[in-house]
Amino acid sequence: MPNQATSCIDLHTPQTDRQCESLDVSPVKTLGMTNFRHVLGFSLIETLFVLLVLAILCGTAVSSFQSLQVRAQVQAASQALLSDVLSARTEALRRERRITLCAAALDTGARATLPTACAASGGASAWHQGWLVFEDVNSNGLWDTGEALLQQRARFHVSVSATGNATVARYVSFGPSGRSLTLNGAFQAGTITLCARGASAEEAWLLVVNAVGRSRLDKGQIAVCS
């Protein structure tokens, strides 16, 4: 029996495990491989926990990105409205005629298009529906046939809300001297609030038009953005 074990070991050619079963090598290798797999692997509970953490992190990142995107849209809309209000005043001074910027009529289409009519007096109006800038020859706050159309803006993204208080709810108008005027010729002053729709206790952009026709953007706190 010792001679057989010796001859098996002394052979120069590779031997199969079956021929060397007497050396008891296979159990040692199997045990080593089993321990190696156990050290590098993860249990089902550990894997599920990692996936849960990743899902929470991804959800937080997406929410933060969407919030930043909405804020950027509100700021862009505020700057666009201020730019056109300032342009309307400049045109009134240059042309020496009344120039009006009116909130557009309600647009219910699936895609935003350039408006072709102002919101009617007494009806619902909101600046996020878009607006028109035109030469208001008859001083009625509406764009009529024959009046020069200077600018059109399509409605904002659905996440943006823009509404004015009573004096600037439907239009902002400038006389030949550059002063902001109501339709009956009195001075016009008011504030248009732009914010993220549905937000609460957040900052908003306030477009302020004073009595002499000068406009500016301020930041303010609002309770709820409708």
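The values are calculated or read from the model by the stated rules, or taken from the named source; none is laboratory data. Note that this is a predicted model, so its numbers are computed, not measured. Every residue, glycine among them, receives a Cβ derived from its backbone with ideal geometry; neighbour counts consider all protein chains shown. Note: areas computed on protein heavy atoms with side chains; ligands, DNA, RNA excluded. Shrake-Rupley method; radii C 1.70, N 1.55, O 1.52, S 1.80 Å.
Residues of segment 200-217 that are without any contact (Cβ under 8 Å) to a residue 60 or more places away in the chain and closer than 27 Å to Gln66 by Cα: Ser200, Ala201, Glu202, Glu203, Leu206. As for segment 153-160, it holds at least one residue that is touching a His at 6+ places or on another chain (Cβ under 8 Å) and in a loop (DSSP other than H, G, I, E, B). Of the residues that make up segment 192-206, is at least one open to solvent by 20 Å² or more (accessible area, probe 1.4 Å), closer than 20 Å to Leu217 by Cβ and assigned to a loop (DSSP other than H, G, I, E, B)? There is at least one residue in segment 192-206 that is open to solvent by 20 Å² or more (accessible area, probe 1.4 Å), closer than 20 Å to Leu217 by Cβ and assigned to a loop (DSSP other than H, G, I, E, B).
Considering the conditions (1) in contact (Cβ under 8 Å) with a residue 12 or more places away in the chain; (2) part of a helix (DSSP H, G or I), Leu54 is excluded by exactly one of them, (1).
On the given criteria, is Val168 modelled with pLDDT of 95 or more and open to solvent by less than 10 Å² (accessible area, probe 1.4 Å)? Here the answer is yes, as Val168 does meet what is asked. Residues in segment 97-117 that are open to solvent by 60 Å² or more (accessible area, probe 1.4 Å) and hydroxyl-bearing (Ser, Thr, Tyr): Thr108, Thr113, Thr116. Only one of the listed residues (Arg94, Arg89) is modelled with pLDDT of 90 or more, open to solvent by 80 Å² or more (accessible area, probe 1.4 Å), more than 21 Å from the chain's Cα centre (by Cα) and under 26 Å from Leu207 (Cα atoms). That residue is Arg94. Evaluating Gln79 against the criteria (1) among the polar types (S, T, N, Q); (2) at pLDDT below 95; (3) within 24 Å of the chain's Cα centre (by Cα); (4) open to solvent by 60 Å² or more (accessible area, probe 1.4 Å) leaves one unmet condition, (2).
For segment 108-140, enumerate the residues that are outside any helix (DSSP H, G or I) and in contact with an Asp or Glu (Cβ under 8 Å, 6 or more places away or on another chain). Break it down into steps so the answer makes sense when it comes.
From segment 108-140, those outside any helix (DSSP H, G or I) are 108-126, 130-140; that's our starting set.
Listed by number, the residues that qualify are Thr113, Pro115, Gly130, Trp131, Val133, Phe134, Glu135, Asp136, Val137, Asn138.
In this structure, Arg216 does not qualify as open to solvent by 60 Å² or more (accessible area, probe 1.4 Å) and under 22 Å from Asp107 (Cβ atoms). Return a yes/no flag: does segment 147-158 have any residue that is in contact (Cβ under 8 Å) with a residue 40 or more places away in the chain and open to solvent by less than 40 Å² (accessible area, probe 1.4 Å). Yes - at least one qualifying residue is present in segment 147-158. Being more than 25 Å from the chain's Cα centre (by Cα) and either of a type outside the set (Val, Ile, Thr) or within 21 Å of Thr108 (Cα to Cα) (or both) is a property that Ala186 has.
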